[in-house]
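The values are calculated or read from the model by the stated rules, or taken from the named source; none is laboratory data. What you see is a predicted model, and the numbers here were worked out from it, not measured in a lab. All Cβ positions, glycine included, derive from the backbone under ideal geometry; neighbour counts span all protein chains shown. Please note that ligands, DNA and RNA were not included when accessible areas were found on the heavy atoms of the full protein model with its side chains. Shrake-Rupley method; radii C 1.70, N 1.55, O 1.52, S 1.80 Å.
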Amino acid sequence: PDLEAELQLDRLKPRPSRRVLLLQGHQSSRQEELVVAPGTPPVCSNLTAYLRDEAEFKDKLSPVALSVALTLPREAPGLVLYGDTLVQAQVGGTRLWGDVTVVTRGGL
């Protein structure tokens, strides 16, 4: 079965006031279906994010929370996902841009 993955940047802020966006699409989140199959080698995806112009937001001190959540598709009744389904990290400092690397056995 496939998994549904959601990456959120600056997830502790309301969507309109998120400070970090993905370069591709200029959004603060990305959703994708991950193909999971036995024997499939890991796939690495690099996503570039950037900090919005400082004039566009007030909060310059709080860390930026990044998260990746995994869920089973709704059409997969009877299946249970075990283990960590939400991974979160915080980034702080004066330079809040960079690459987010997610290694999966599918893609993101």
Checklist entry - Has segment 32-39 got any residue that is within 14 Å of Glu4 (Cα to Cα), among the hydrophobic types (A, V, I, L, M, F, W, C), open to solvent by 50 Å² or more (accessible area, probe 1.4 Å) and modelled with pLDDT of 75 or more? => result yes
Checklist outcome for this item: All-but-one check, Pro16 against (1) part of a loop (DSSP other than H, G, I, E, B); (2) modelled with pLDDT of 85 or more; (3) not aromatic (Phe, Trp, Tyr), failing number (1)
Item to check | Search result, residues across segment 35-60 that are assigned to a strand (DSSP E or B) and under 23 Å from Val91 (Cα atoms) | outcome: Cys44, Ser45, Asn46, Leu47, Thr48, Ala49, Tyr50, Leu51
Next on the checklist: Looking at segment 19-34 only, could you name the residues that are outside any loop (DSSP other than H, G, I, E, B) and closer than 17 Å to Thr48 by Cα?
Outcome noted: Val20, Leu21, Leu22, Ser29, Arg30, Gln31, Glu32
Checklist outcome for this item: Filtering segment 61-84 down to residues that are closer than 14 Å to Glu6 by Cβ, part of a loop (DSSP other than H, G, I, E, B) and open to solvent by less than 50 Å² (accessible area, probe 1.4 Å) yields Leu72, Pro73
Item to check | Total residues in segment 40-58, condition free of Cβ contacts under 8 Å to residues at least 60 places away in the same chain, more than 19 Å from the chain's Cα centre (by Cα) and exposed (fewer than 11 other Cβ atoms within 10 Å of the Cβ) | outcome: 5
Next on the checklist: Against the definition (farther than 16 Å from Val68 by Cβ and open to solvent by 90 Å² or more (accessible area, probe 1.4 Å)), how does Leu12 come out, yes or no?
Outcome noted: no
